[in-house]
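The values are calculated or read from the model by the stated rules, or taken from the named source; none is laboratory data. Please read these numbers as outputs of a predicted model, since none were measured by experiment. Note: ideal-geometry Cβ built from the backbone for every residue, glycine included; neighbour counts use all protein chains shown.
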Amino acid sequence: LIYQKNIGIKSIQEASQKYFEEKVESIFSSGKYKLAMEERSYLFSLKELLESIVKKSKNLRQEGSRDHRSIPGGSYTSHFYVNRRYDELLRSLELTFFLTKYFEQSDRDGQRVSVYALNYGLCSKFQIQFGRPTESREDRLHFMERKFDYNSILVEYMKSNQEIRCSNCDEEYEIEILEVLKRFHMKCSNCGVGICKVVNLARKYSDIIDSVNANLLLPDSELGILHTLHGEKRKMVASEIAVELDCSGQLVGRRAKNLSERALVKREQAGNVYKYELTEQAKAAYFADTLTDQLNVESSRLD
Ligand SMILES: [Zn+2]
């Protein structure tokens, strides 16, 4: 019987993976999607977004299986949550079955969030364990663990999407060929007269960015810790951060633990205290306002 059951699960997984590869994943390579989307570049940025999400779930799964004994069920990483206002950004991935919105609820800090599940076939393909542990009552809250807070991925996504476009004929170019275009003084090869400009796709999302100030997604004390670490640009212990924020070391310790569960702060033991530093993810999501200037083509000349 067990043998039969295993065969059953395995064939379902294989079938889901096959379905995923043939019907869902192929959307990115076929033109089907193009009809529904205003801009092709949007498709690429969407793929990038999905890749970041899947990468994070895979990493969490790997960490989860390493800590198997300390965190039971740590290898279930098929679900994640984001602020409800980001639903709009994820809708295209939902309409194409990469994601399914699972439910809405309040997170541990009282923010309304949406919980999403990754496609089952996708999970089979990338060895992400689907579902949640069911051994104890607390398991119902599995998806609300802070490590499944993916808000920073969406913030980073909105800030970093740029494209090149001709101001005359509207032809679009991949950002990868920027260096080539520069060599031709950004002249459009399609119409021959227009000059190409780097456009920040984030403008498309400016309404959402405005309505959800990334800073509002974290309590003040946690933001204070991030800002202190960013300003000092070094590893700090809780008591040092506490001096800056005029609060207790214990408070900083508790809050910094939350931040490390969200992968916004690296927490490393140094003797009998912890040292904290910002992660790349936190830097990109909270301190990368200058990203819009990153591809400043005006100032570069290649002679
Ligand atoms: Zn042109």
Query raised in the report: Considering only the range 147-177, how many residues are free of Cβ contacts under 8 Å to residues at least 40 places away in the same chain and within 16 Å of the ligand (Cβ to nearest atom)?
Result: 10
Report task. Please identify the pairs in which a residue from the range 178-195 that is more than 11 Å from Arg165 (Cα to Cα) has its Cβ atom under 7 Å from the Cβ atom of a residue that is assigned to a loop (DSSP other than H, G, I, E, B) and away from the ligand (no atom under 12 Å from the Cβ), counting only partners at least 6 apart or on another chain. Result -> Lys182/Val297; Lys182/Ser300; Lys182/Leu302; Arg183/Leu302
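Look at Ser211 and say whether it is more than 16 Å from the ligand (Cβ to nearest atom) and either of a type outside the set (Phe, Trp, Tyr) or modelled with pLDDT under 70 (or both).
yes
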Query raised in the report: Say we look at the range 224-259 and pick out the residues that are under 19 Å from Gln111 (Cβ atoms) and surrounded by fewer than 18 Cβ atoms within 10 Å (Cβ to Cβ); which of these is farthest from the chain's Cα centre (by Cα)?
Result: Arg254
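Do we have any residue at all in the range 136-146 that's away from the ligand (no atom under 16 Å from the Cβ), of a type in the set (Lys, Arg), assigned to a helix (DSSP H, G or I) and within 21 Å of Leu50 (Cβ to Cβ)?
no
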Query raised in the report: Among the residues of the range 49-57, is any buried (at least 16 other Cβ atoms within 10 Å of the Cβ), within 19 Å of the chain's Cα centre (by Cα) and modelled with pLDDT under 80?
Result: no
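Conditions (1) of a type in the set (Lys, Arg); (2) under 28 Å from Arg254 (Cα atoms); (3) in a strand (DSSP E or B); (4) within 15 Å of the chain's Cα centre (by Cα), marked per residue:
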| residue | (1), (2), (3), (4) |
| --- | --- |
| Ser65 | no, yes, no, no |
| Phe80 | no, yes, yes, yes |
| Leu93 | no, no, no, yes |
| Glu104 | no, yes, yes, no |
| Val115 | no, yes, yes, yes |
**Report entry** Hits in the range 147-164 (condition: of a type in the set (S, T, N, Q), outside any helix (DSSP H, G or I) and crowded, with 22+ Cβ neighbours inside 10 Å)
**Finding:** Asn161
Report task. Just one of (1) under 19 Å from Ala263 (Cα atoms); (2) at pLDDT below 85; (3) not charged (D, E, K, R) trips up His230, so point out which. Result -> (2)
Query - All positions within the range 178-190 that are within 16 Å of the ligand (Cβ to nearest atom), more than 33 Å from the chain's Cα centre (by Cα) and outside any loop (DSSP other than H, G, I, E, B) - result: Lys187
Query raised in the report: Gly131: among the small types (Gly, Ala, Ser), more than 15 Å from the ligand (Cβ to nearest atom) and not in a helix (DSSP H, G or I), yes or no?
Result: yes
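Does Ser124 satisfy being part of a strand (DSSP E or B), buried (at least 18 other Cβ atoms within 10 Å of the Cβ) and among the small types (Gly, Ala, Ser)?
Values: part of a strand (DSSP E or B): no; buried (at least 18 other Cβ atoms within 10 Å of the Cβ): yes; among the small types (Gly, Ala, Ser): yes.
So Ser124 fails the test.
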Query - Tyr276 being within 23 Å of Asp149 (Cα to Cα), among the hydroxyl-bearing types (Ser, Thr, Tyr) and touching a residue at least 60 places away in the same chain (Cβ under 8 Å) - result: no
